[in-house]
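Report on the following structure.
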Protein chains: 2
Amino acid sequence: MNMKTYINPKVEEFAEICERPIIESDELENTVKSVFREVKMNGDQALQWYTRNFDKVEISDFKIEARIIEDACRKIDEELKQAIILAKNNIEKFHASQKQGKEIITTSAGVECWQESRPIEKVGIYIPGGTAPLFSTVLMLAVPAIIAGCNEIVLCSPPDKNGDLNPAILYTAKLLGINKVYRVGGIQAIAALSYGTETIPKVYKIFGPGNQFVTAAKQFAQREGIAIDMPAGPSELLVMADETADIRFVASDLLSQAEHGNDSQVVCVSDNKGFLANLEKEVYKQLNKLPRKDFAIKAIANSKLVMLENKEAQIAFINEYAPEHFIIMTNDDEYYIRNVINAGSVFIGKYTPESAGDYASGTNHTLPTNGFAKAYSGVNLDSFTKKITFQRISSEGLLNIGPAIEIMAAAEYLDAHKNAVSIRLNRLKS
Amino acid sequence: MNMKTYINPKVEEFAEICERPIIESDELENTVKSVFREVKMNGDQALQWYTRNFDKVEISDFKIEARIIEDACRKIDEELKQAIILAKNNIEKFHASQKQGKEIITTSAGVECWQESRPIEKVGIYIPGGTAPLFSTVLMLAVPAIIAGCNEIVLCSPPDKNGDLNPAILYTAKLLGINKVYRVGGIQAIAALSYGTETIPKVYKIFGPGNQFVTAAKQFAQREGIAIDMPAGPSELLVMADETADIRFVASDLLSQAEHGNDSQVVCVSDNKGFLANLEKEVYKQLNKLPRKDFAIKAIANSKLVMLENKEAQIAFINEYAPEHFIIMTNDDEYYIRNVINAGSVFIGKYTPESAGDYASGTNHTLPTNGFAKAYSGVNLDSFTKKITFQRISSEGLLNIGPAIEIMAAAEYLDAHKNAVSIRLNRLKS
């Protein structure tokens with residue numbers, strides 16, 4: 001099966017080339033609604049029922065006891081522990097640097113305004129189970145939550161056939177001091193975090209990746225008034241490479257993204273047709289050696305090679321695609337850095353593979369897919385806080401801006417708004 | 001009709017007292033779905049049909065021509081123009097101060113990470129029609145959009161019975177240099193911004209207040225992949241006042257919020273029972289003089305006076321309520337500033353009425369209602385941007401963090417992720 005190749009497509013064709021496979025969530029909606037209703041009404045009992053039916057395992061105690069976490073930690077190799085600690089330190093450094101101080105702005109004489117960040121008090125972190133135990137996602141979501149000062153961090157992850165969670169997930173939770181860890185997954189986990197049950201606390205915002213069921217559940221949670229990190233879709237990567245790029249490196253990056261799942265998308269843009277042809281050969285060569293090649297082969301078949309001669313067309317295409325991950329390997333990286341508008345995270349140069357950002361460079365790996373980078377940021381420190389504005393007006397300040405407020409309020413026919421100023425100005429003038 | 005008074009309620013009762021009236025949006029869903037489907041398929045023709053049926057006016061050209069805007073500007077009093085310019089200047093100053101520089105963080109030697117803000121390229125601004133022509137909302141949404149660098153700002157507002165928009169809305173748009181102004185409102189306007197039509201451009205994010213139809217339409221737009229500013233609900237105000245507060249000022253603030261609509265909510269928390277009893281009398285006294293007293297009287301009937309003796313209980317209640325607007329008039333304002341976690345915007349001291357923030361102090365008046373301040377910020381400069389993370393790793397950097405990435409990727413069974421690092425490390429070691 002060949003990769004789709006486009007040679008100098010016209011601007012009018014960009015939108016079509018950039019289209020992702022459509023994920024229909026409508027048929028899921030009724031399932032999601034009924035799970036939410038049951039969990040709201042019956043709490044833990046409903047969680048047990050759905051865990052028995054969906055996950056095929058009987059769970060009586062959803063909370064993971066400290067003892068079980070201790071046991072899990074003993075199973076982790078020292079080498080892996082050290083790697084996780086290195087990643088944790090880098091993620092901490094980068095997210096701690098995102099803290100903002102407060103700056104008081106005098107907008108008119110006597111009128112002081114400022115913003116302050118406050119933590120979201122209760123957050124939920126969903127860690128998928130399935131084919132890959134994503135302990136790295138525990139770092140990516142819990143580290144900024146802790147730096148932000150969230151005082152209740154609730155972690156849910158689906159139990160395996162034996163009712164257990166992966167030891168590396170438990171080790172990472174323990175390392176970060178998270179002790180509210182629950183073995184429950186899928187729609188029922190998101191419902192539990194949305195409403196609370198006897199054992200699982202209700203939260204104000206839910207973070208984390210997941211399959212189509214979890215994604216649909218998070219969308220429903222949002223309609224129920226719970227904030228979510230962002231809409232989710234399959235992972236994707238776009239590489240911008242010219243003839244100076246190393247074909248083996250580019251191929252390895254495309255494959256690292258393709259192994260996530262059948263529906264992952266990878267794109268390479270280049271000004272060089274020969275480069276793209278050779279790249280395709282190298283991709284299939286490396287593909288054959290991969291344990292997860294069954295996933296990757298399907299994702300590669302969905303993927304695209306785009307030849308565009310001039311830089312303006314390349315960056316226009318890239319901004320239309322709005323990739324989750326964007327690797328730049330060219331002889332003029334600065335051009336793309338300066339002109340990229342829509343992307344989740346950008347990887348610059350030959351020694352910056354996308355997997356560095358997945359684990360250990362320090363940036364967050366929870367990023368907008370499916371073109372959502374046009375309007376959404378990836379998860380960052382701000383995702384765990386909200387900003388409150390403050391204003392303090394002196395008597396002088398109100399004399400300065402009060403008359404404008406009175407005039408504007410009257411013009412909007414809001415007399416009580418006007419009156420709240422007039423009653424004070426009258427006092428000041430009397 | 002009396003205001004509901006609670007004397008020293010227990011902590012367990014807080015959640016119930018803080019409940020807002022439930023707004024059922026389910027019955028609207030089918031209407032919203034069919035309007036969206038029609039607008040997606042038939043574009044302007046569908047807009048005309050719905051405008052005829054919902055707004056009872058025939059519109060053939062949705063775009064407001066420059067000539068009409070010029071005419072409208074001539075109708076605005078010089079006094080109102082100057083008031084709008086004063087407000088614009090303060091809003092500009094405050095939102096421009098929210099710009100963030102880029103700071104490069106070296107997380108490990110040779111590993112550089114940073115964040116940069118980029119504008120959301122296309123944004124839609126919805127300005128409601130109805131009983132109050134909210135030209136102030138044009139300032140609150142368009143000023144930060146312009147500072148952020150959004151290059152397409154599309155303004156929609158419902159036409160009146162004659163097919164016109166309020167001149168003050170047009171004047172404000174003109175003042176800010178916005179020339180994409182369309183006379184279309186309600187569900188069909190949000191659908192047009194979501195999909196685009198022959199005349200109205202598609203946008204990536206939709207901002208602005210609205211009635212229950214607009215709110216339901218924005219929620220549906222979100223399911224269609226369009227970002228929105230925040231979930232909306234009726235406006236609300238909580239005043240924290242002790243016996244040092246001026247009862248006339250507090251009453252005027254409560255009424256300024258109550259006049260927004262029948263469903264507005266106002267709350268006063270105090271440590272002083274006598275103060276609350278006198279406040280209630282003053283509210284009814286001022287109420288009788290208001291032109292919009294029919295709205296205000298119903299909102300006042302929904303409202304609450306809460307006596308709580310100690311400060312810890314007061315702030316716990318306030319954080320549970322999570323008010324959109326929070327006024328502090330006490331002899332220890334700093335205590336509440338320090339301890340408030342959940343609020344949209346805070347107004348400090350006797351000369352800082354809530355209406356100052358609605359118009360001219362400089363802070364934004366698009367704020368989270370309905371308890372959403374627990375997880376959402378009000379609109380600010382960030383609302384019009386998204387943050388992209390960048391990383392640049394040197395060969396030294398990859399030698400430092402590469403082995404940790406290999407170990408973590410292998411532990412997550414993601415061998416192609418590991419391989420993207422190994423292939424580079426092998427090159428460096430060879």
Can you tell me which of (1) touching a Cys at 6+ places or on another chain (Cβ under 8 Å); (2) without any contact (Cβ under 8 Å) to a residue 24 or more places away in the chain is the one A:V123 doesn't meet? (2)
Among A:A416, A:A420, A:A375, which is the only one that is facing chain B (nearest Cβ under 7 Å) and out of contact with any helix residue (DSSP H, G or I) (no Cβ under 9 Å at 6 or more places or on another chain)? A:A375
More than 12 Å from chain B (Cβ to nearest Cβ), touching a helix residue (DSSP H, G or I) at 6+ places or on another chain (Cβ under 9 Å) and touching a residue at least 40 places away in the same chain (Cβ under 8 Å): does that describe A:F207? no
So, in segment B:116-146, how many residues would count as being within 12 Å of chain A (Cβ to nearest Cβ), open to solvent by 10 Å² or more (accessible area, probe 1.4 Å) and under 24 Å from A:I105 (Cα atoms)? 4
Need the failing condition index for A:S34 against (1) among the polar types (S, T, N, Q); (2) open to solvent by less than 60 Å² (accessible area, probe 1.4 Å); (3) modelled with pLDDT under 95, just the number. (3)
Candidate set from segment B:103-114 (those that are more than 7 Å from every other protein chain (Cβ to nearest Cβ) and in contact (Cβ under 8 Å) with a residue 24 or more places away in the chain); member that is least open to solvent (accessible area, probe 1.4 Å): B:W114
Determine whether segment B:376-383 contains at least one residue that is within 25 Å of B:C113 (Cα to Cα), open to solvent by less than 30 Å² (accessible area, probe 1.4 Å) and assigned to a helix (DSSP H, G or I). yes
When segment A:221-241 is checked residue by residue, the ones that are outside any strand (DSSP E or B), within 10 Å of chain B (Cβ to nearest Cβ) and hydrophobic (A, V, I, L, M, F, W, C) are A:I226, A:M230
Counting only residues that are small (G, A, S), assigned to a strand (DSSP E or B) and closer than 22 Å to A:Y359 by Cα, segment A:242-292 contains a total of 0
Matching residues in segment B:58-69 (open to solvent by 40 Å² or more (accessible area, probe 1.4 Å) and in contact with a helix residue (DSSP H, G or I) (Cβ under 8 Å, 6 or more places away or on another chain)) number 3
Scan segment B:310-336 for residues that are open to solvent by less than 10 Å² (accessible area, probe 1.4 Å), β-branched (V, I, T) and assigned to a helix (DSSP H, G or I) and jot them down. B:I318
For residues in segment A:61-81 being over 28 Å from the mean Cα position of the chain (by Cα) and among the hydrophobic types (A, V, I, L, M, F, W, C), which is nearest to the other protein chains (Cβ to nearest Cβ)? A:I68
It is to be established whether one or more residues within segment A:82-102 are surrounded by 12 or more Cβ atoms within 10 Å (Cβ to Cβ), at pLDDT below 95 and away from chain B (no Cβ under 14 Å). no
If the Cβ limit is 7 Å and pairs must be 6+ apart or interchain, which residue in segment A:382-393 that is more than 16 Å from B:V346 (Cβ to Cβ) and touching a residue at least 40 places away in the same chain (Cβ under 8 Å) pairs with which residue that is among the aliphatic types (A, V, I, L, M) and open to solvent by 10 Å² or more (accessible area, probe 1.4 Å)? A:F384/A:A148
Which of the residues that make up segment A:337-362 are closer than 20 Å to B:I423 by Cβ, at the interface with another protein chain (Cβ under 7 Å from one of its Cβ atoms) and either at pLDDT below 95 or part of a loop (DSSP other than H, G, I, E, B) (or both)? A:G349, A:Y351, A:T352, A:P353, A:A360, A:S361
Breaking point among (1) within 30 Å of A:L279 (Cα to Cα); (2) in contact with a helix residue (DSSP H, G or I) (Cβ under 8 Å, 6 or more places away or on another chain), for A:L193: (1)
Candidate set: segment A:378-396, residues that are over 13 Å from the mean Cα position of the chain (by Cα) and more than 7 Å from chain B (Cβ to nearest Cβ); chosen: the one farthest from B:A83 (Cα to Cα): A:T385
Check segment B:147-155 and report whether any residue there is among the charged types (D, E, K, R), farther than 26 Å from A:I407 by Cα and either outside any strand (DSSP E or B) or open to solvent by less than 20 Å² (accessible area, probe 1.4 Å) (or both). no
From the list B:G130, B:G185, B:G177, B:G149, which one is assigned by TED's automatic domain parsing to the domain that holds B:R52 and under 24 Å from A:S377 (Cα atoms)? B:G149
Out of all the residues in segment A:250-270, which are facing chain B (nearest Cβ under 7 Å) and at pLDDT 95 or above? A:S252, A:D253
Does A:Q212 count as open to solvent by 20 Å² or more (accessible area, probe 1.4 Å) and facing chain B (nearest Cβ under 10 Å)? no
Complete set of residues in segment A:162-193 that are open to solvent by 30 Å² or more (accessible area, probe 1.4 Å), among the basic types (K, R) and over 23 Å from A:K386 (Cβ atoms): A:K174
Quick one: which helices (runs of 4 or more DSSP H) sit completely within segment A:29-131 and have at least 1 residues that are among the aromatic types (F, W, Y) and in contact with a Gly (Cβ under 6 Å, 6 or more places away or on another chain)? A:78-96
The one condition in (1) open to solvent by 10 Å² or more (accessible area, probe 1.4 Å); (2) under 25 Å from B:E280 (Cβ atoms) that B:N339 fails to fulfil: (2)
Considering each residue of segment B:397-413, count those that are within 7 Å of another protein chain (Cβ to nearest Cβ), open to solvent by 20 Å² or more (accessible area, probe 1.4 Å) and of a type outside the set (V, I, T), and give that number. 2
Looking at (1) in contact with a Lys or Arg (Cβ under 6 Å, 6 or more places away or on another chain); (2) buried (at least 24 other Cβ atoms within 10 Å of the Cβ), find the lone condition where A:G196 falls short. (2)
Touching a helix residue (DSSP H, G or I) at 6+ places or on another chain (Cβ under 6 Å), within 16 Å of B:Y413 (Cα to Cα) and in contact (Cβ under 8 Å) with a residue 60 or more places away in the chain - does that describe any residue in segment A:261-273? no
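The values are calculated or read from the model by the stated rules, or taken from the named source; none is laboratory data. This structure is a prediction, so every number in the text was calculated from the model and none was measured. Methodologically, a virtual Cβ is constructed for each residue, glycine included, from the backbone with ideal geometry; neighbour enumeration extends over all protein chains shown. In case anyone asks, the SASA skips ligands and DNA or RNA and just uses the protein heavy atoms, side chains included. Shrake-Rupley method; radii C 1.70, N 1.55, O 1.52, S 1.80 Å.
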